[in-house]
Amino acid sequence: MRTERDWQSLIRHGERLRGTPLRTLVQADPGRAKAMALRVGPIYANFARQHVDGDADAALLDFARAADVEAALARLFDGGIVNVTEQRPALHSALRGDIGAGEPVAQARALVADARARMDALHAELAAGDVTDVVSVGIGGSDLGPRLAVDALKDFADGRFRVHFLANVDGSAAQHLLRGLDPARTAAILVSKSFGTEETLLNGAILRDWLGGGERLYAVSANVERAAAFGVDGARLLPMWDWVGGRYSLWSAVGFGIQLAIGREGFDRLLAGAAGMDAHARHTPVESNLIVRHALTALWNRVAMARPTAAVVPYDQRLALLPAFLQQLVMESLGKSVREDGSPVPVPTSPVVWGGPGTDVQHSFFQALHQGTDVVPVEFIGVAKPAHPHAANHRSLLANLLAQAQALCEGEDGDDPARHYPGGRPSTVILLDELSPNALGGLLALYEHSVYLQGVLVGIDPFDQWGVELGKRLAAGVRPALAGEGGVLADAVTAELVERIRAHAG
Ligand SMILES: O=P(O)(O)OC[C@H]1O[C@](O)(CO)[C@@H](O)[C@@H]1O
């Protein structure tokens, strides 16, 4: 656990640096552009426009060493109990490579190999039939990662299946999706680790009825009994395990939809990219470890510079869903107020993560980034090589990315206050050589491990999500009231709102 003194050192460096404009730091040292950059395989990251100097950097690295991040990474990969409140390991790395050691990891890997073989068999069975469309039904971690990967990698689709996603319990989502599909040529995969998630069960029931039975109904779950009770044949059930967190699960059978979209080889390359990042995380000293640098930068902005939000802006339409994926990964993992031992966290935790694809968002929220009263650190993501022939568009896209990052940092003085750009707004630029399955795998693994280390640095459990439970419990009481079947609702405001809804629900 961290001590107050450690935090004070970072906070003091933050206060000191507030007196030195970011652009002064950047302009004073032309070597910074190269010195503060790292490359891991197809992923290059440049931190030169973070508001950090040599002394602050040294303090951050000291902080990481004092928290023994290397041992923490070894603990993660080797199956240590890193999910303390649930007393579990978090073995997502065992889904994609052979980085870890020890008996729990070996056992996990054997289960994973078996699951992959079953995925291949079901894939072959589906491919041999006349199914053209597959609907992956799930929410949160059982949706966001696979949905992002299928969308981001559509240039790599083998064309055999169209893969769709259904998450929201709003019936409009199911209605609009199914309107365009033929039940005779559609299969559904119900993806739910718990098989107890209300949204997935309700949408799953719509799909089961619409398909006319369980013949083309598949599931991925750790709860075999509940899936069977729902009507899923054991032969069409793929496994999940409690040692894989939902938001870290796209590499498992939860990503079956990804395999159906881009083929077994494409899925393998996605996993290989993540495994490459695992190896980098495990074997690279802290000062040149991209994961450590990324995590320390996030910690710096949140704690030392007290930035309450963080924006993610991919300049690539194929990564439009990345901000939504990162919202769950970061905010469900780090949105905690107590440490593993139950004591209050002495510093602010998860930033509010938000964002959208450039250049679109330049025409919506960038005004506030440039001239608003809050400083928002931005993570820009660009892809060097396009997957289309429109070279002029691609140059424009990347020119905008580079110009925005420069403008946010440098600003521009103006006599007219309305036209003055204060600058001093930090950003990181991440460049992928191309948006391949391998590069996407590496990028997502980078974020996973950075979030884990941010949890370690703060002392919280990044693998639980108890905060989501209360609302779910209360919804169970409100539902009958909405149907007019409930008793008296204890909360007067909720009761009033129920009455208003019932007056118009029809
Ligand atoms: O896979 P399941 O069990 O349906 O859970 C879906 C999602 O719900 C959550 O538990 C949050 O409500 C997430 O952590 C999880 O990814």
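Read the figures in this text as sums done on the coordinates, not as results from a lab. From a predicted model like this one, the values you see are computed outputs, not experimental measurements. Counting neighbours? That spans all protein chains shown, and the Cβs are built from the backbone with ideal geometry, glycine included.
Order the peptides 197-205, 123-131 from the highest to the lowest mean number of other Cβ atoms within 10 Å of their residues.
Details: 197-205: 20.0, 123-131: 13.2.
By packing density, highest mean first, the sequence is 197-205, 123-131.
Region 210-268: which GluC sites (Glu not before Pro) are DSSP loop and have at most 15 other beta-carbon atoms within 10 angstrom?
On the way: sites: E215, E225, E265; in loops: E215.
Within region 210-268, the qualifying GluC sites (Glu not before Pro) (loop, at most 15 other Cβ atoms within 10 Å) are E215.
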| request: May I ask for the angle, rounded to the nearest 10°, between helix 290-299 and the longest principal axis of the chain, with both axes built from Cα atoms and the value confined to 0 to 90°? | output: 80
| message | Can you give me the long-range amide H partners of Q50? Hydrogens built in the peptide plane at 1.01 Å from N, cutoff under 5 Å, separation of 5 or more residues or another chain. | response | S427
| query | Which whole-angstrom value gives the distance between the alpha carbon centres of region 83-112 and region 405-482? | reply | 26
| field | Cβ-defined net charge surrounding T428, 10 Å radius [Lys, Arg +1; Asp, Glu -1] | value | +1
| message | Give the lysines whose C-alpha is closer than 27 Å to that of K385, dropping any in the same chain fewer than 8 places away, or say none. | response | K34, K154
| field | For region 15-32 versus region 319-374, the gap between their alpha-carbon centres in whole angstrom | value | 25
| task | Taking amide H positions as placed in the peptide plane 1.01 Å from N, state which residues far from V338 in sequence (5 or more) or on other chains have amide H under 5 Å from it. | result | V345
| said: Helix 391-410 against the longest principal axis of the chain: what's the angle in degrees, Cα atoms only, rounded to the nearest 10? | reply: 50
| field | Partner lysines for K472 [C-alpha distance under 27 Å; skip if fewer than 8 residues away on the same chain] | value | K193, K336
| note | Sequence order, region 239-255: Karplus ³J(HN,Hα) from phi using 6.51 cos²θ - 1.76 cosθ + 1.60, θ = phi - 60°, Hz rounded, Gly and Pro as x, gives x, 9, 9, 6, 8, 10, x, x, 6, 10, 10, 5, 7, 8, 4, 4, x
| task | With +1 on each Lys and Arg Cβ and -1 on each Asp and Glu Cβ, and nothing else charged, work out how big the dipole of region 137-274 is about its Cα centre, in Debye to the nearest 20. | result | 200
| request: Would you compute the Debye intensity of region 1-139 from its alpha-carbon atoms alone, equal scatterers and no solvent, and pass along log10 I(q)/I(0) at q = 0.11, 0.15 Å⁻¹ to two decimals? | output: -0.74, -0.97
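I want the local charge near L122. Using Cβ-Cβ distances under 12 Å, sum +1 for each Lys or Arg and -1 for each Asp or Glu among the other residues. Intermediate values should be presented prior to the final figure.
Numbers: positive: R116, R118, R216, R236, R264; negative: D120, E125, D233.
That sum, taken over residues with Cβ under 12 Å, equals +2.
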| said: Please report the net charge: other residues with Cβ closer than 14 Å to the Cβ of V488, K and R +1, D and E -1. | reply: -4
| For region 135-151, Karplus couplings with θ = phi - 60° (6.51, -1.76, 1.60), whole Hz, Gly/Pro x | 10, 8, 9, x, 9, x, x, 8, 9, 5, x, x, 4, 4, 5, 5, 5
| message | Based only on Cα atoms, what mean projected area does the convex hull of the chain have, in nm²? | response | 26.6
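In cubic angstrom, how much convex hull volume per residue do the alpha carbon atoms of region 92-265 span? Working shown, then result.
Numbers: hull volume 18.5 nm³, N = 174.
Per residue, the Cα convex hull of region 92-265 comes to 106 Å³.
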| query | Mind ordering 266-272, 421-427, 250-256, 182-188 by average Cβ neighbours within 10 Å, highest first? | reply | 250-256, 266-272, 421-427, 182-188
| message | Using each residue's phi in region 101-117, evaluate 6.51 cos²θ - 1.76 cosθ + 1.60 at θ = phi - 60° and report the 3J(HN,Hα) Karplus result to the nearest Hz, with x for Gly and Pro. | response | 10, x, 4, x, 5, 4, 5, 4, 5, 5, 5, 5, 4, 5, 5, 4, 4
| task | Over the alpha-carbon set of region 312-415, work out the extent along each principal axis and list the three values in angstrom, largest first. | result | 55, 43, 20
